[in-house]
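A.B. asks: Take this structure, written in structure tokens, and hold onto it; I'll ask about it next.
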Amino acid sequence: MSEPDTAVLIDVEHQSGVSIVMTDGVLNYATYRGVRDTIIKTALDEPRAVVVDVNRLSVPAPSAWSVFTSARWHVSTWPNVPILLVCNDIERQRTIAASAVTRYVPVHPSLEAALEAVDELAMHGRRRARAALPRSRASIRLARAMIHEWLTAWSVHELIPVAGTVATVFIENVLEHTESAPVLVVENFNDTLTVAVEDCSHQPVNRREDAAGGIDVVSGLAIVGALCRAWGSTPTSSGKTVWAVIGSENKL
């Protein structure tokens, strides 16, 4: 009996800010994790979307299609990058749909159709701004000014105070605990606002605790936790991104 394939060949191309993942090989128990982790890593580079071409992918067990749902769940909070599939075979499209994958990851018959769908997503209200800041305390003032400008333009005035507070905490942590210059990212979609700060340190972020009693000190991250719907830290190829999701219920 021959050994099962242990790798799927993957090539990533870029077009108009979209990462296009070309797959070739057998998706099975041996290759599942590698495919999932590659898609997650591609999404963490924050493209407009990740489009996966599965036309050359052999999938003996229909349950293996769930790899794309798993990848989408891993990036659904941050960076919340859409994942789409390209499959030109109608019977295979039906198999993917029957596996419930399309509830979270839509399937399109061609790359052109998938790219058009990405453009349509962008037209339905996803707004994003990004700015590299200097490695100095001045970056805090600059970040708060940018947030005020962006959120005013997006008509999200009520979240300006909490967004400015979150950005201040994240930037202060970068300046205090890393050698990086912070990068501010703000994204608005539907009723949520995400504030994130990227740095070049792979050291994970942690809330400080009281050494004697094990009780959280009222630290900046404790304040972020109290102010936001969710927050976390995601490793990236160049360091990490610390993010917070703010909802309408979090306005100050």
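The values are calculated or read from the model by the stated rules, or taken from the named source; none is laboratory data. Source: prediction; values computed, not measured. Every residue, glycine among them, receives a Cβ derived from its backbone with ideal geometry; neighbour counts consider all protein chains shown. The accessibility values were calculated without ligands, DNA or RNA, using every heavy atom of the protein model including side chains. Shrake-Rupley method; radii C 1.70, N 1.55, O 1.52, S 1.80 Å.
A.B. asks: Heavy-atom accessible area per residue, the range 9-124, 1.4 Å probe: how many Å²?
C.D. replies: Accessible area per residue: 49 Å².
A.B. asks: May I ask for the angle, rounded to the nearest 10°, between helix 160-177 and the longest principal axis of the chain, with both axes built from Cα atoms and the value confined to 0 to 90°?
C.D. replies: Relative to the chain, helix 160-177 is tipped by roughly 90 degrees.
A.B. asks: Here is a further query. Report, for the range 1-102, the % of DSSP beta bridges that are antiparallel, rounded to 5.
C.D. replies: For the range 1-102, the DSSP antiparallel bridge percentage is about 40.
A.B. asks: Taking the Cα centre of each part, how many Å lie between the range 90-104 and the range 33-59?
C.D. replies: The range 90-104 and the range 33-59 have Cα centres spaced 17 Å from each other.
A.B. asks: Okay, next question. Take the solvent-accessible surface of the protein heavy atoms, probe 1.4 Å, and return the percent of it on the chain that carbon and sulfur atoms account for.
C.D. replies: C and S atoms contribute 53 percent here.
A.B. asks: Quick one: which residues, 5 or more positions from His108 or on another chain, have an amide H under 5 Å from its amide H? H modelled 1.01 Å from N in the peptide plane, none for Pro or chain starts.
C.D. replies: Hits under the 5 Å cutoff: Leu85, Val86, Cys87.
A.B. asks: While we're looking at this one, here's another question. Restricting to DSSP H runs of at least four residues, report the calculated mean residue ellipticity at 222 nm for the chain, -39500 (n - 2.57) per run over all residues, nearest 500 deg cm²/dmol.
C.D. replies: Roughly -10500 deg cm²/dmol at 222 nm, from the helical runs in the chain.
A.B. asks: Sorting check: for 100-112, 19-31, which peptide has the highest mean count of neighbouring beta carbons within 10 Å, and how do the rest follow?
C.D. replies: Peptide ranking by packing, descending: 19-31, 100-112.
A.B. asks: Do you know the relative contact order of the chain, to the nearest whole percent, from alpha carbon pairs under 8 angstrom that are 6+ apart?
C.D. replies: 13
A.B. asks: Right, here's the next one. Answer rounded, prolate or oblate for the range 1-145, using the Cα gyration tensor with square roots of eigenvalues a ≥ b ≥ c: rounded when a/c is under 1.5, else prolate when a/b is larger than b/c, else oblate.
C.D. replies: Taking the square roots of the gyration eigenvalues as a ≥ b ≥ c, the range 1-145 is prolate.
A.B. asks: Something else about it: Tell me the relative contact order for the range 9-124 as a rounded percent, counting alpha carbon contacts under 8 Å between residues six or more apart.
C.D. replies: Relative contact order for the range 9-124 comes out at 24 percent.
A.B. asks: For the Cα atoms of the chain, what angle does the longest principal axis make with the long axis of helix 138-153, in degrees from 0 to 90, nearest 10?
C.D. replies: Computed tilt is about 60 degrees.
A.B. asks: Would you mind computing the Rg to Rh ratio of the chain from its alpha-carbon coordinates, Kirkwood style for Rh?
C.D. replies: Expressed as Rg/Rh, it is 1.03.
A.B. asks: In percent, what relative contact order does the range 127-247 have, based on Cα pairs under 8 Å that are 6 or more apart in sequence?
C.D. replies: Relative contact order here is 25 percent.
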